[in-house]
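To start, the structure itself, in structure tokens.
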Amino acid sequence: MKITKTGFLLILTLALFSAPVLAGDLIQFKEKDKWFPTPPKAGANEEPSVEDLDNSTITVLDEHYDVTTYKYADVPNKQKWDTVKIKRVIYGEKPAKFLEAGAAMGNSDFGSAIALYDELAKNNRNKNWVRMYSLYNIGRIYQEGKGDWQNAIEAWDRLQKAFPKSKFLPKALVNKGLAWLNVGDEAKARQAFGQLERLKGLPDSEKMVAKYWLIKITQLKGEKAGNAAVINQALEAYKRLLSDVEGNSDLQNVAILARLGIGDCLLALEKYGEALAFFQKIAASSNDTAVLAGAFNGLGLCYFKTEKWSDALMCFLRTVILYGDSNPETTAMALYWAAKSYRMRQGDDYKTRARSLYRECIGRFPTTSWARESKRELPTVR
């Protein structure tokens, strides 16, 4: 099963490959414009710092963190801090093997990276943060680097079992849900996103993302079955979600996803005029390249479905040329539909261009659903 149309904008909620060597972050405490613990007095050596505790798991879902702080000089002070006060977390010096794994991952040497991270994760003498990040990066490599959905699912399960309250649990559940969608198991995907929505202590922004994907599954189910009633159910759910988050600056990414979901449903219901107006409004009201890519793909589909091949082509190519770096899935989708738009026009030159775009989709985005569709259709262009 493919994840289709413009709703696939995970770039707005997760930047999975933006930092290939994640290593944990410095804990900072801030409340009412004051920093905690109190910054050192004049003449003190350094600002307060925090060390990883060898036998504890740092989490973002529990009520408190156990941390060791150094207020002045090198005097340790073990305390508990509310998670709402913690902005970032860093755990200490990175082991050489961890740096080596990160370099391999950054160079797309995925086999070496997985082997190194696996070795680090299995060694219980390593600090918890080293093992957590290693398991997390294994999942990222399988999912984003290799498009190996089954091994990605196993990696996320492994991370969740080893560290059931880790800071990576929300991302692991989102990615596991997406992986299940890609292998065609909507029930397992719904289970993952449902677990995410029910997590205690999860910020509203992440709960709303979970709600979005649960609606998306309903939409996909309706489209797969050609069931207008189910698609309408998803449409109304998107509208309620949009109403809940609109106007909240912290939830704008969810508002964008909801708007694009509404457009997708209108397309699926063959309400092309309404969908066209909806996507035009999105395109006119945003400067975000990922949003514009999704909107112009939506506009392209509206034109394609109404047999306006030239207009469709211009929209899809606009995504490729202007917004091509916003999201691999979105750009791959634009290449695929641009190729199909060329195919609908007469002449050998158009067929040549269609073949070229299919090949570009396959070459640039080999792990996407659109590359698989391009491979299937390329031999039929004669």
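List of remarks:
- Size-normalised alpha-carbon gyration radius of segment 173-254, reference 2.2 N^0.38 Å: 1.10
- 29 Å Cα-Cα threshold exceeded, pairs from Lys176/Lys351; Lys122/Lys176; Lys97/Lys176; Lys176/Lys305; Lys224/Lys340; Lys97/Lys188: Lys176/Lys351; Lys176/Lys305; Lys97/Lys188
Every number here is computed from the coordinates shown, using simple stated rules; none is lab data. This is a predicted model, so every value here is computed, not measured.
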